[in-house]
Amino acid sequence: MSFLRRLRFYLIGFGIGLLFVAFFFGSKAAQCSYLPNSRTLEEAKIYPIVYSDEATEFIKSEKLDSIFVYDELFGKSEITNFGTDEVRAEPCRIYRATYRKQKSYDFVFEICNKKETKLTEIKKSGE
């Protein structure tokens, strides 16, 4: 077998290998977090967020927008009531969370029947 023929086979195999590596280790569109806090917050973001009257008034008075609520509150908060009976309640699981980044907020939300997320209470921490 001549050198050029072996080189051609080598380059074809190398190219196919590069395609496999790019496919398996390339950029991923989906993220997966195995920690309970992250999984719960991601689950809450999947369903439409419904605001209670109290939460709506507070959001208007603090001049918060829905992007802040979605990205910051439901993205970078810590849930404080894992291990309690509230998180096992039916039909709505109740979670209490704290947000301590740009501002400090404590809030309560419910995930109901895997259909919607209710933001039932929000307040500044320290109130």
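If only residues of the stretch 5-54 that are under 15 Å from the mean Cα position of the chain (by Cα) and of a type in the set (V, I, T) are counted, the one that is farthest from V108 (Cα to Cα) is I46. From the list V87, V21, pick out the single residue that is among the hydrophobic types (A, V, I, L, M, F, W, C), under 26 Å from K114 (Cα atoms) and either at pLDDT below 85 or exposed (fewer than 11 other Cβ atoms within 10 Å of the Cβ) (or both). The match here is V87. Applying a threshold of 9 Å to beta carbon distances and a minimum spacing of six or more residues, or different chains, the list of pairs starting in the stretch 86-102 at a residue that is under 24 Å from D71 (Cα atoms) and in a loop (DSSP other than H, G, I, E, B) and ending at one that is at pLDDT 85 or above and acidic (D, E) reads K101/E72; Q102/E72. Evaluation of E72 against the conditions (1) under 20 Å from the mean Cα position of the chain (by Cα); (2) loosely packed, with under 15 Cβ neighbours inside 10 Å shows that the sole unmet condition is (2). From the list Y99, Y70, the lone residue that is modelled with pLDDT of 90 or more and in contact with a helix residue (DSSP H, G or I) (Cβ under 7 Å, 6 or more places away or on another chain) is Y99. Can you find a residue that is of a type in the set (D, E) and touching a strand residue (DSSP E or B) at 6+ places or on another chain (Cβ under 6 Å) anywhere in the stretch 65-75? No, the stretch 65-75 has no match at all. Considering the stretch 93-114, and only residues there that are closer than 12 Å to A44 by Cβ and over 16 Å from the mean Cα position of the chain (by Cα), the residue that is surrounded by the most Cβ atoms within 10 Å (Cβ to Cβ) turns out to be F107. Taken over the stretch 32-64, residues that are surrounded by 17 or more Cβ atoms within 10 Å (Cβ to Cβ), in a helix (DSSP H, G or I) and not hydrophobic (A, V, I, L, M, F, W, C) amount to 1.
The values are calculated or read from the model by the stated rules, or taken from the named source; none is laboratory data. Remember, predicted model here, so these are calculated numbers, not experimental data. A quick note on method: Cβ atoms are made from the backbone with ideal geometry, for glycine too, and the neighbour counts reach across all protein chains shown.
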